[in-house]
Every structure is written in C-alpha cells, then in structure tokens.
Amino acid sequence: MVQHSRQQAAAPPTAPERESTGRLMLRAYVIVVLIVAFGHSAVYNLVGMTGSIIVLAVLTLGTLGIWVPAISRARPWPLEWRRLPWAILGYCALALVSVTWSHWPLATLLTGLLLLSLTLHALFIAHMLSWRELLRAMASSLKWLLGLSVAIELWVALVVRHPILPFFFDAPGDEVNAHWYWVRGNLIEGGRIQGIVGNSNMLAALCLVAIIVFGVLFAARVRWRTTLALWTLVAAYFLVRAASATIYAAAIAVAITLVVALLMRRAPGPGARTRLYVVALGGTAVLAAAAIVFRGPILERLGRTGDLTGRFEIWQQVLERAATSPVFGLGFSTPWIPSEPEIHGWIVDHGITVFHAHNMWIDVLFQLGWVGVVLMAFIWASLLWRSWFFAVDRPRWDLRGDRPFSPLTLAPRSSRSCCSCRASRSPRRS
C-alpha cells in the first residue's frame, strides 16, 4: 500500500543563483560607456566641446580604474597578446605618429587621443564581458538612446513648439540655417527627425543597429521578448522617419545577408554552400548593376539629387587635396576640426564648414594616405571574414561538430577575444 511520507523524493526548489553586485555594477558602467559612445553628438550638443572632453576623460579614468586592478589580480595572466586586434592598434599608432607630418598637429593630437580612448574602452568591454553580456549591454544603451529620442522629440513638438539649437550655440541673426538645429520638432508635423543625437543619418544608423541587436536577442529567447518587440517597432519607426538613403541601402544589405546566412546554416554540405555562394554573389552583382543603371529614379524616389546631394563635389575636392600627399596623407583628424585654418571655410555646405568627407575610404586616404587605406581594408576584411564564419559555422571547440546554431552568432563580431579565461566570473542568466 502506498504510504504518505513527509520525506521529499527530490531536492527542495531553490532560487536561482544571482549575479554579484559587482558584476551588475560593471554591466551598468558599460551601458553608460556605450550610451556616451553611441550618442557622443548628444553629449556634444548638451555640454559643448569642453564638457564632452571632460566626460570622456572621466570615463577613461574610470575604465582604467576598473580594468587595471582586474588584470593585475588575475592569475594566470588573462590577456593573450597574440589575440589582440593588432591591425586596429596599428592604425591607432599610425594616426598618432602622423602628428609629425600633420598639417594640423593640434587636431591630430586631440582626435588621436579620442581614437585611443575609444579603442581602450572597446578592448575593456571585449575583455570584461561575454558576448551575450555585451549584446545585452548594447541593447540597454540603444533603448536609452531611443527612449531619450522619443522624449526630446515629443518635448520639442508638444511643449517648445519650435526647433531648438544646441545649448552652447548662439544663432547669428534672425535667419537660422535648419542644419544648425539640434532637434527640429518634426515628429508630429512630418519631415525628417533627428532624435537625441541631432542628426538624421546618425539616428537611422543607430536604429538599424538596434533592430539587429533586438532581433538577435529576441531569437535567442531572452526574457522580456514582448518589450524587445515593442522597442524594435520604435526603432523601425524612427528608421523610416529619419529617411537616410544610405541606411535604407544598408538595411537592404543586412536583410540579404541574413537570408544568405540562414540558408548557409541549412546547407547539407560544402557543395551546397558553394552553390549558395555563387548564387548570392551573382545576385549581388545583378542588384548592384541595377542600382547603378537606375540610380536616377531611385535617388529621386528617396528625395536625393543625382550627385548624392552635393557629395560628388565634396569627394572631388578632398581627392584633389589628398593627391598632394598620397602615401601617408595630410595628417589624422577624425572629425576635421573646423577651427583649424586649413579646414575652416575650405568646404562649406549650407553655411557650415564640412568636418568629414562623407565617405570613409576617401577620408582615410585624405588623412593617412594609401598606407592608412591598406590598414583599414585589412581591418574590415578580417572583421568580415571572422564574423561571417562565426555566423554560418556551428560552434566548435573540440571534435564534436553537431552542436546547434545560436542566434547570438548572427550579430557581427570578430571571433577573436583578448581574454583567455573567464572561469572566475559569476553565473549569468539569459
């Protein structure tokens, strides 16, 4: 006969192990760093150049204060020097060394230190966080930027009821160029919106990155999937309202790449993958040719002129000046500092001195010559190679080759890590 007993047949349920307070604080700090990095123009518009330099300096000291003790306490030594991104570090070194021949040495030194600081933060985040933690931190920072963009657009449209300038900017005279505004208040009335970052193209780029990150986390079945879906809708709406032709093209490329990657994951063998590569490359070539042939109607549909709204003229002037020093360039400066005598008034668009070439490759050629272009090409090629095979290949760290694919690997990344051991970290939940 079955007997009732007070003795349990299984272990009593226990609460899941929680993350340590230090780990949560580290992730919160990384979110702040990412907000400042992604929304640097918002910080600039809010507190000006001096204030933004102070913010960056404080964060740099904070990062060093966290990272250096963590490395010094770890045993064995946690950094594998061979796995560091040496091409990126080489580009940073070339940028700093260019101060010796730069036409604008002060701007080279200032922006070179900015580049070095951002690279330091990137290495710190890559070392201290796992890939899942990094994606979650990116998602949180992008939610903050989207939420702040919604708030400032609503505030300007419903409360202020007129465009606002950056807080440090004094408008000369009664006529103010629309390109000088931080937020134009177009959320309700229509037109391109700029969000907290104060630039439609930059807002669109952030929205596209947000859609990628939110989608990957949604597919990975993290908690709060409904909230992620709502944030994705907000990002998609802002992407459409920002009306950036460049980001529209990038979104199409992302969609095509996603389809090809998913098909690659389903391919039964190397032969099937080879056929997919041929079809994908051929289709891409056809689409590129069609875009070139019908660029006029396409650009007209997007509200752009045939010369990409003056981009051709800017590129021509930059290339002409880059030809005067083709090997090592005229000196690093990203962005160009408009107060520099050789930059101020050189290229003017809508009454504003242009502070970049509107094309990365031309800008690199202008600043660091063909040496910089080769380095940058190697950086992007290696990133594309690693992130692609990270996405389409099954996880492998031993002889087993049948592990399931993870949605997290669809987010572009380099497969390398400068950290050799994360075993001491506290358990993490999805």
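Some notes on this structure:
- Any pair with Cβ under 6 angstrom, 6 or more apart, that starts in region 382-399 at a residue that is within 17 Å of Leu263 (Cα to Cα) and ends at one that is modelled with pLDDT of 85 or more and of a type in the set (Ser, Thr, Tyr): Phe390/Thr409; Ala391/Thr409
- Residue check for Glu320: outside any loop (DSSP other than H, G, I, E, B), out of contact with any strand residue (DSSP E or B) (no Cβ under 7 Å at 6 or more places or on another chain) and modelled with pLDDT of 90 or more: yes
- Selection from region 37-54 of residues that are in contact with a helix residue (DSSP H, G or I) (Cβ under 8 Å, 6 or more places away or on another chain), under 16 Å from Thr119 (Cα atoms) and surrounded by fewer than 18 Cβ atoms within 10 Å (Cβ to Cβ): Ala37, His40
- Of all residues in region 174-222, those that are in a loop (DSSP other than H, G, I, E, B), closer than 19 Å to Ala235 by Cβ and touching a residue at least 60 places away in the same chain (Cβ under 8 Å) total 6.
- Region 353-364, residues that are assigned to a helix (DSSP H, G or I) and surrounded by fewer than 24 Cβ atoms within 10 Å (Cβ to Cβ): Met360, Trp361, Ile362, Asp363
- Residue within region 252-274 that is among the basic types (Lys, Arg) and within 20 Å of Ala411 (Cα to Cα) present: yes
- Summed over region 386-416, residues that are at pLDDT 50 or above and surrounded by 12 or more Cβ atoms within 10 Å (Cβ to Cβ) total 21.
- Any hit, region 224-247, residues being under 24 Å from the mean Cα position of the chain (by Cα) and of a type in the set (D, E, K, R): yes
- Restricting Ile352, Ile343 to those that are of a type in the set (Val, Ile, Thr) and over 27 Å from Ile88 (Cα atoms) reduces the list to Ile352.
- In region 223-279, residue surrounded by the most Cβ atoms within 10 Å (Cβ to Cβ) [restricted to those that are among the charged types (D, E, K, R) and in a helix (DSSP H, G or I)]: Arg241
- Residue within region 188-209 that is at pLDDT 90 or above, touching a Phe, Trp or Tyr at 6+ places or on another chain (Cβ under 9 Å) and farther than 30 Å from Arg311 by Cα present: no
The values are calculated or read from the model by the stated rules, or taken from the named source; none is laboratory data. Computed from a predicted structure; not experimentally measured. Backbone-built Cβ (ideal geometry, glycine too); neighbour counts: all protein chains shown.
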